[in-house]
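Notes to accompany the following structure.
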Amino acid sequence: MGIVEKIWINKEKGELNPLAFSELAQNLAKKISESGGRNKNKPSQIRKYYDTIFKLNERAKMVGANFNSILVELNRELALLYYALGREKVTEEFVKMMEELIKSVKNSEDLNVITQFLECFMAFYKCYRPKD
């Protein structure tokens with residue numbers, strides 16, 4: 001079962017799994033923080049991707065927002081993630097998590113949910129990598 005399937009209890013009904021925002025986010029943060037040693041997955045590097053998704057989510061909430069252009073920018077992040085992977089700034093585990101989350105976004109509700117999930121992930125991540 002993938003990350004997205006664990007976030008939703010029933011996506012059609014809009015029912016989220018509350019434990020996804022605690023246990024799942026914490027487990028992924030721990031796993032990813034341990035996967036790259038000291039030189040990969042630095043909090044500042046990881047935070048850049050969260051910040052971009054957060055800003056896109058804020059834009060999506062605006063009246064008259066062009067969601068198609070937001071999806072274009074969101075999917076552009078995949079190329080940037082793979083670029084960072086190629087430069088050995090992030091690990092494959094982080095890229096795969098982000099790729100699954102990004103590819104799951106079909107509407108503004110999906111974007112809002114993954115933004116909330118990533119906020120929880122980042123909070124736990126900072127706990128595991130406080131000084132990098």
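The values are calculated or read from the model by the stated rules, or taken from the named source; none is laboratory data. Every value quoted in this text rests on a predicted model; they were computed, and no experiment measured them. Because the Cβ atoms are built from the backbone with ideal geometry, glycine has one as well, and the counts that use them run over all protein chains shown.
Numbers for the structure displayed
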read-out: Single residue of 90, 95 found to be in contact with a Gly (Cβ under 8 Å, 6 or more places away or on another chain) and either surrounded by 14 or more Cβ atoms within 10 Å (Cβ to Cβ) or among the basic types (Lys, Arg) (or both); value: 90
read-out: Residue selected from segment 80-113 under the condition among the polar types (S, T, N, Q) and part of a helix (DSSP H, G or I), by the criterion nearest to residue 31 (Cα to Cα); value: 112
read-out: The listed residue being modelled with pLDDT of 95 or more and surrounded by 13 or more Cβ atoms within 10 Å (Cβ to Cβ), out of 11, 40, 30; value: 30
read-out: Candidates 35, 22, filtered to the one that is closer than 14 Å to residue 118 by Cα and touching a residue at least 12 places away in the same chain (Cβ under 8 Å); value: 22
read-out: Any chance residue 115 is hydroxyl-bearing (Ser, Thr, Tyr), touching a Gly at 6+ places or on another chain (Cβ under 7 Å) and either within 19 Å of residue 129 (Cβ to Cβ) or surrounded by 18 or more Cβ atoms within 10 Å (Cβ to Cβ) (or both); value: no
